[in-house]
There are 2 protein chains.
Amino acid sequence: MTLLVVGSIALDSVETPFGETADALGGSAVFFSVAGSLIHPVQVVGVVGHDYPYERLERLARRGIDLGGVERIQGESFRWKGKYSYDLQNRETLETRLGVFAAFEPRIPEAFRDARHVFLGNIDPELQLGVLDQIHDPLLVACDTMNYWIQSKRDVLLELLRRVDVLLVNDAEARQLSGDWNIYRAARWILKHGPRYIVIKQGEYGAVLVGADGTFYVPAFPLEEVFDPTGAGDAFAGGFMAHLARTQDVSHENLRRAMVVGSAMGSFAVERFSVQRFDELTPDEIAARVRAFSELVRFDTEPFNEGQGWP
Amino acid sequence: MTLLVVGSIALDSVETPFGETADALGGSAVFFSVAGSLIHPVQVVGVVGHDYPYERLERLARRGIDLGGVERIQGESFRWKGKYSYDLQNRETLETRLGVFAAFEPRIPEAFRDARHVFLGNIDPELQLGVLDQIHDPLLVACDTMNYWIQSKRDVLLELLRRVDVLLVNDAEARQLSGDWNIYRAARWILKHGPRYIVIKQGEYGAVLVGADGTFYVPAFPLEEVFDPTGAGDAFAGGFMAHLARTQDVSHENLRRAMVVGSAMGSFAVERFSVQRFDELTPDEIAARVRAFSELVRFDTEPFNEGQGWP
């Protein structure tokens, strides 16, 4: 089933303790689609300026990314420049130049309007609503947002939430949105406002899925070398949504698996700058990492089964 | 098999956003033994002053805590006073009065010297070494420590580590000890310095076990109400060690289960002030929580099995 992403297409300049990169492919739609397309074809809607190295995007098209919704217009492309602390725990934005992204109004091409799985990357919730108005009959809508919109467009965001199936945010965003510091109470608050599921990402610690039918936690993959955390959340979303689109199954059980595929993709993303780690990544490697997640949390509950008495 | 704990016995005064308590039972040996004794008998070595409400400790003895190693001497008992921030993420120590604990020199009663499982609570590493010198033939020694000793008694601590099987610390301590901010590299560093296993506790996020034979992660239990985080780490240690002592099995597989039992005990500890939550806690409730941990992380890897191709 078709999978559509609407989000930013940027050029990232990132400094980490391990090196730096300039004008590398970045933005939510890029991380999402590069990670997701290893699992299922992705349709992209976004905007780039005349200065964007479009041939680098086109190289991605070969692997199942449909750029039919990427507008190329006169003006500068969206550029972001950031620097991470020595322990990668904090990042400082050195420069944000929105360029053509400032006036982005997503137009969904006719051919994309039948999309069944839709991911709304972090953009103005008014634009996210506008996207949904253009989609005929979505089966599963997921969206991201950020502190800026939670504060400045809260009412529109709440209107959007009523039309969203899965909200993917980080813990600070969940806290800000709900006004509750406890993430499980925050999750319950959000579930009352529309979404059937909420995914709360906790960075280096893991991610939790909360729905009426259960709670699932996947820890972050144990990595001894983390190179660049940029884009991990969008790569997570790409893996999560692509797994659901590929398997055509939005049951609770399959959402658990999607969480793990998403976490695998997030863990690959941070192993290199930009989207480089996905260049040579194979389905076998992804499946192996999913199994490694299972090994990470596996334990035998048999001695604790009901009616056994204490072991 | 016998289980011994050496640590502090304190009176805690704690302020949280939900209330406050004064001179409640506290200290590492108390949280450890109250949690652990629900699973396996615990022998306690510690010291209290003449002002300690000893009858409150004696009430604990009824449930399998042997206080034969608790010295009662002239002087004030160890008192700690702390206040948690509104979100329980930070705590401020308002007052520490070491009292008789300042001159504590653990003397292991003859009857306790055959202990097979030993937990060295967070005290001066010289004293921890002194305890080990008094134990005839320990099977499994675990210990805790803190930033103060890592900084001020590093050499003694490293000497101790060579005689310890499991080090239990939090992530900040693992980072400080190893000089590495990545907790998995920090774990590898620590494993080179003696312990066969390291348990790194990550507070509200969970805990990880790292050994030469694998890595195991258990997320923190999803709680909508966290009342008082004091003592969670020691309750964890109590559950962890008591499970190992009870089952007489220090295999990697059983250490995984011990991690979950420890996490269950930590999660109970924070549901009330002091050790109150353990008052009525039953083996069935503990087993049910262990199974709930399994449900929390469970997912079906079958579609990702080797040789299956991508699902």
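Derivation of every value follows stated rules applied to the coordinates shown; laboratory data play no part. None of these values were measured; they are calculated from a predicted model. Here Cβ is always computed from backbone atoms with ideal geometry, including for glycine, and neighbour counts include all displayed protein chains.
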Mean shadow area of the protein assembly as shown, taken as a quarter of the surface of its Cα convex hull (nm²): 27.6 nm²
With the cut-off at 29 Å, tell me which of the pairs A:83/A:201; A:192/B:201; A:153/A:192; B:81/B:201; B:153/B:192 have Cα atoms farther apart than that. A:192/B:201
Skipping prolines and chain starts, which residues have an amide H placed within reach, meaning under 5 Å, of the one on residue A:69, given they are 5 or more residues away or on another chain? A:44
If we count other beta carbons within 10 Å of each Cβ, what is the order of A:184, B:148, fewest first? B:148, A:184
Loop-resident trypsin sites (Lys or Arg not before Pro) in the stretch B:179-253 with no more than 16 other Cβ atoms inside 10 Å, DSSP not H/G/I/E/B, are B:192, B:196
From largest to smallest, what semi-axes in whole angstrom does chain A give when each is the square root of 5 times an eigenvalue of its alpha carbon gyration tensor? 30, 23, 20
Subtracting the Cα-Cα distance of residue B:139 and residue B:188 from 0.36 nm times their residue separation yields 15.4 nm
Exactly which GluC sites (Glu not before Pro) in the stretch B:226-286 are in a DSSP loop and have at most 10 other Cβ atoms within 10 Å? B:280
Mind sorting B:11, A:94 by how few other Cβ atoms lie within 10 Å of their own Cβ, fewest first? A:94, B:11
Quick check: the distance between the Cα centres of the stretch B:146-218 and the stretch B:78-113, to the nearest angstrom? 21 Å
With +1 on each Lys and Arg Cβ and -1 on each Asp and Glu Cβ, and nothing else charged, work out how big the dipole of the stretch A:3-298 is about its Cα centre, in Debye to the nearest 20. 700 debye
Whole-number percent relative contact order across chain A, with pairs defined as alpha carbons under 8 Å at least 6 apart: 17 percent
C-alpha long axis of helix A:252-269 to longest principal axis of chain A, angle in °: 60 degrees
Rounded to whole Hz and in sequence order, give me ³J(HN,Hα) for the stretch B:295-304 from the Karplus expression 6.51 cos²θ - 1.76 cosθ + 1.60, θ = phi - 60°, writing x for Gly and Pro. 4, 4, 10, 5, 8, 8, 8, 3, x, 9
Once amide hydrogens are built 1.01 Å from N within the peptide plane, the residues lying 5 or more places from residue B:76 or on another chain with amide H under 5 Å from its amide H are B:100
Under the Karplus curve 6.51 cos²θ - 1.76 cosθ + 1.60, θ = phi - 60°, whole-Hz ³J(HN,Hα) for the stretch A:277-284, x wherever Gly or Pro sits: 5, 7, 3, 10, 5, 10, x, 4
For the stretch A:169-184, in order, what is each residue's ³J(HN,Hα) by Karplus, 6.51 cos²θ - 1.76 cosθ + 1.60 with θ = phi - 60°, in whole Hz (x at glycine and Pro)? 9, 8, 5, 5, 5, 4, 5, 5, 5, 8, x, 10, 7, 7, 5, 7
Would you pull out the residues with amide H under 5 Å of residue A:170's amide H, same chain only if 5 or more places away, H placed 1.01 Å from N? A:201
At 7 Å out from Cα toward Cβ: residue B:224 inter-copy label distances (nm, ascending): 4.3
Note the distances from residue B:285 to each other copy's matching label point, with points 7 Å along the Cα-to-beta-carbon direction, in nm, sorted shortest first. 4.8
Nearest 10 degrees is fine. How inclined is helix B:125-134 to the longest principal axis of chain B, computing both from alpha carbons? 90 degrees
Can you list which of the chymotrypsin sites (Phe, Trp or Tyr not before Pro) found in the stretch B:69-104 are DSSP loop residues with at most 15 other C-beta atoms within 10 Å? B:86
Inter-copy label distances at residue A:212, 7 Å along the Cα→beta-carbon direction, one decimal in nm, shortest first? 5.3
